[in-house]
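None of the figures in this text is laboratory data; all of them are computed from the coordinates on show. Everything numeric in this text was worked out from a predicted model, so none of it was measured.
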Amino acid sequence: MQHDASKGSMVKNKKSEQLKPKKLFWHLYSLQMLGPEKFSKVVDRILRKDCGLIK
């Protein structure tokens, strides 16, 4: 994110977001660090087999 001094807010850099690959494999410990909303989205993806789980 870049700071836009003229607007006084943070502006997302769309190019950097597009270059990041989707995370396909999750470790149990990394799931513990997620917030409730992100956790439920990741678990849903794991149950649909869009992502894998590493024990």
For region 25-32, in order, what is each residue's ³J(HN,Hα) by Karplus, 6.51 cos²θ - 1.76 cosθ + 1.60 with θ = phi - 60°, in whole Hz (x at glycine and Pro)?
10, 10, 9, 3, 5, 6, 5, 5
Quick one: which residues, 5+ away or cross-chain, put their amide H under 5 Å from the amide H of Leu53? H built at 1.01 Å from N.
Trp26
